[in-house]
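The values are calculated or read from the model by the stated rules, or taken from the named source; none is laboratory data. If you're wondering where the values come from, they're calculated on a predicted model, not measured in any experiment. Neighbour counts are summed over all protein chains in view; Cβ atoms, including those assigned to glycine, are modelled from backbone coordinates with ideal geometry.
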């Protein structure tokens, strides 16, 4: 991709992996639009859209602003929530709704809006949804996170198949980024073991310095972005591009 003719939209850029991805792409000369409730990046090539992605009514009012000169358009759906680490029947309805809307509904609406805003343009469209290994593994205490991310992964597989059938000129991938040292990891380590039986595993990741930094992960994504969409399957692990 040519940074001068590519526009990149990234959700959840206020902190963690989303912020790191935005910074790496900015360093690479790309123009970035961040989408989140708050802004923590200042850069001449960065603009920000203040939006609570869990607020569906506000999300429905959001529109992508894209110039005709763009040759490539990238959407990275990074924003997500682990939710409360508790057994499912201990969760409040508000928590259920919030998690599903942020982890699953919001990415789908944004992808739909992006396609509808660009379907008459020649620009290539790339969608990278940030997934998780938990989409394929039942983790007690993570019912909402596991299930919503599993749903997003299946969505990616379905639209990838549809795009090939109907030549929609939109390429999508679901990337499992590995275990990253972010606020989510802190939340996991602070959870109660009676609500999450695998807590010690994550304490050991931290103790043994086995966590990737957000910046390391973001750099791998940028350096291997073309490879992700040229040669990889729809569902990709960060280990596939490390090696």
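Some observations on this one:
- Tally, over region 164-187, of residues that are assigned to a helix (DSSP H, G or I), in contact (Cβ under 8 Å) with a residue 60 or more places away in the chain and under 29 Å from residue 225 (Cα atoms): 2
- Residues within region 124-150 that are surrounded by fewer than 22 Cβ atoms within 10 Å (Cβ to Cβ), out of contact with any strand residue (DSSP E or B) (no Cβ under 7 Å at 6 or more places or on another chain) and within 25 Å of residue 225 (Cβ to Cβ), tallied: 4
- The criterion of being farther than 26 Å from residue 180 by Cβ and either in contact (Cβ under 8 Å) with a residue 60 or more places away in the chain or part of a loop (DSSP other than H, G, I, E, B) (or both) does not hold for residue 86.
- For residue 65: the one exception among (1) modelled with pLDDT of 95 or more; (2) under 25 Å from residue 14 (Cβ atoms): (1)
- Here residue 203 clears all of (1) within 20 Å of residue 15 (Cβ to Cβ); (2) modelled with pLDDT of 95 or more; (3) surrounded by fewer than 18 Cβ atoms within 10 Å (Cβ to Cβ) except the condition numbered (1).
- Lone qualifier among 157, 192 - being assigned to a helix (DSSP H, G or I), farther than 19 Å from residue 11 by Cβ and in contact (Cβ under 8 Å) with a residue 12 or more places away in the chain: 157
- Taking the criterion of being touching a helix residue (DSSP H, G or I) at 6+ places or on another chain (Cβ under 7 Å) and under 22 Å from residue 85 (Cβ atoms), the residues of region 200-243 that qualify are 202, 203, 206, 211, 214.
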